[in-house]
Amino acid sequence: MKLYGSLNNRFDENHYFNGTLGNVQVGTYATEYLWSDRHAYEVTKVIDQGHLFIRRLKAIRTDSYGMSDSQSYRYESNPDAVPEEIVLSKGKWRRVRRYTKEGLDKAIECSKEDCKTEEAAIRWGTFAYCRGLTQKQKERLMNGKEIVKRESEINISFGIADEHYDYSF
């Protein structure tokens with residue numbers, strides 16, 4: 001049992017609204033519940049009902065209440081948002097992170113802008129990209145193998161899009 005954050009968020013997380021249980025399709029809205037904030041998403045790809053891709057919606061404030069709990073939003077699809085892969089594992093939704101040699105090379109290339117030497121860029125890019133991988137996983141990655149990790153639980157509901165920013169923190 002979770003005894004933290006917004007009571008409203010705890011009630012709504014991990015539910016299916018508007019008949020979406022077992023019927024999540026491309027375009028279905030979703031809401032991620034955080035401590036007391038909420039983020040609106042849309043489903044962009046369905047592998048099966050336990051393996052989805054989602055991306056953040058563009059949430060545009062439509063009220064004029066400023067730093068208030070009374071917030072209303074209009075939602076638009078956001079093709080520039082990076083899709084996130086999520087899987088249902090043991091009754092909980094989890095984000096998936098895929099590590100590839102190409103991703104590592106890209107991280108090293110990006111770090112060249114911030115580092116003075118190529119050696120430093122390789123060290124920094126590798127450290128940043130491979131953080132959280134075991135030595136064995138790093139070796140497999142360097143040999144061209146893809147590493148797939150299920151990350152921490154994501155509290156998400158399907159069938160509604162809801163954005164909320166709690167100004168009290």
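The values are calculated or read from the model by the stated rules, or taken from the named source; none is laboratory data. This structure is a prediction, so every number in the text was calculated from the model and none was measured. Cβ placement follows ideal geometry from the backbone for every residue including glycine, while neighbour counts extend to all protein chains displayed.
Observations
- Any hit, the range 21-38, residues being farther than 12 Å from residue 156 by Cα, in contact (Cβ under 8 Å) with a residue 40 or more places away in the chain and not in a loop (DSSP other than H, G, I, E, B): no
- Single residue of the range 149-169 satisfying the filter (within 15 Å of the chain's Cα centre (by Cα) and assigned to a strand (DSSP E or B)) that is farthest from residue 72 (Cα to Cα): 149
- Residue in the range 60-69 that is charged (D, E, K, R), outside the structural domain of residue 32 (by TED's automatic domain parsing) and not in a strand (DSSP E or B) present: no
- For residue 55, the requirement of being surrounded by 15 or more Cβ atoms within 10 Å (Cβ to Cβ), assigned by TED's automatic domain parsing to the domain that holds residue 25 and within 28 Å of residue 27 (Cβ to Cβ) is met.
- Summed over the range 70-87, the residues that are within 19 Å of residue 47 (Cα to Cα) and either more than 20 Å from the chain's Cα centre (by Cα) or part of a loop (DSSP other than H, G, I, E, B) (or both) give a count of 2.
- Taken over the range 131-142, the criterion of being assigned to a loop (DSSP other than H, G, I, E, B) and either free of Cβ contacts under 8 Å to residues at least 12 places away in the same chain or among the basic types (Lys, Arg) (or both) is satisfied by 131, 134.
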